[in-house]
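The block underneath contains the structure these notes are about, expressed in structure tokens.
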Amino acid sequence: MTLFVVPTPIGNLEDVGARCLRVLREASAVFCEDTRRTRILMSHFGLSKPLERYDENDERSVERLLERLRRGESVALVSDGGSPGLSDPGRRAVARARREGLPVHSLPGPFAAATAVAGSGLPGDSFLFLGFLPRGAAKRRRALEEAKTLGRTIAVYESPFRVLELMNDALAALGPGAQCVIARELTKVHEEWLSGSVESVRGLLSAKPQILGEFVVLFHPEPEPAHA
């Protein structure tokens, strides 16, 4: 009887861990963000288990997962890529399980923000992960302005539809000379990195005829980090 929080590859399926595969193989059921995405992963590794959709905002979905745990079953919880609970569904199930005293094991694995920081060249001894910022421009700018005061690398997730708006807000909140690194489609076939000042990276991005993919956007408020 254990709830296993299982990270899955953010792109390249070869990044899945051996322990994660064992847990997926042995679990009574796999609760997932999107059964279609998880079925691709399971099929790739020859795994066959009941898949149930987990909806963070549906109390009945959370309760179905918990009921299996109460019956003594082991359940794996996955998202479409990365770790459940880190800008992905999963927090409510974990919180409820812990409140009830049900065992929870969190497995290590792929994390897009850490992967981007490691490959960025920006200071990574300490960084601030903000996930997806609010959609409103004023709130986004306020979040970046507050993060700036810490003097650390800032990691943000953004969609292709709003990434230019994010860059505009960063220009206003952090200044044109702040450092910026964009990692697009990490670990996938069309992985791309852009780096430079906020102003120059914004120019490179806006010059593209079409913006596609998933983005990790990194900022550092110092034009030239003193401890780089």
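Only one of the numbered conditions (1) within 30 Å of V156 (Cβ to Cβ); (2) within 21 Å of the chain's Cα centre (by Cα) is violated by R96, and that is (2). What are the pairs, 6+ residues apart or on separate chains, where a residue within the range 42-57 that is over 11 Å from V30 (Cα atoms) has its Cβ under 8 Å from a residue that is in a loop (DSSP other than H, G, I, E, B) and of a type in the set (A, V, I, L, M)? That search, which allows pairs on different chains as well, returns F45/V16. Name every residue in the range 152-171 that is touching an Asp or Glu at 6+ places or on another chain (Cβ under 8 Å), more than 17 Å from E199 (Cα to Cα) and either buried (at least 17 other Cβ atoms within 10 Å of the Cβ) or modelled with pLDDT under 95 (or both), in order of residue number. Y157, the sole residue that qualifies.
Give me the residue from the range 117-130 that is more than 16 Å from D88 (Cβ to Cβ) and of a type in the set (A, V, I, L, M, F, W, C) and, out of that set, surrounded by the fewest Cβ atoms within 10 Å (Cβ to Cβ). Per the criteria, the residue is A118. Just so you know, in the range 113-135 the residues that are in contact (Cβ under 8 Å) with a residue 24 or more places away in the chain and within 29 Å of E59 (Cβ to Cβ) include one that is farthest from the chain's Cα centre (by Cα), and it is R135. Just so you know, in the range 170-196 the residues that are closer than 29 Å to N12 by Cα and among the small types (G, A, S) include one that is nearest to the chain's Cα centre (by Cα), and it is A183.
Only helices (runs of 4 or more DSSP H) whose full extent lies in the range 122-228 are considered here, and the ones with at least 1 residues that are touching a Lys or Arg at 6+ places or on another chain (Cβ under 6 Å) are 163-174.
The values are calculated or read from the model by the stated rules, or taken from the named source; none is laboratory data. Keep in mind it's a predicted model, so treat the numbers as computed, not measured. Please note: Cβ atoms are built from the backbone with ideal geometry, for glycine as well, and neighbour counts cover all protein chains shown.
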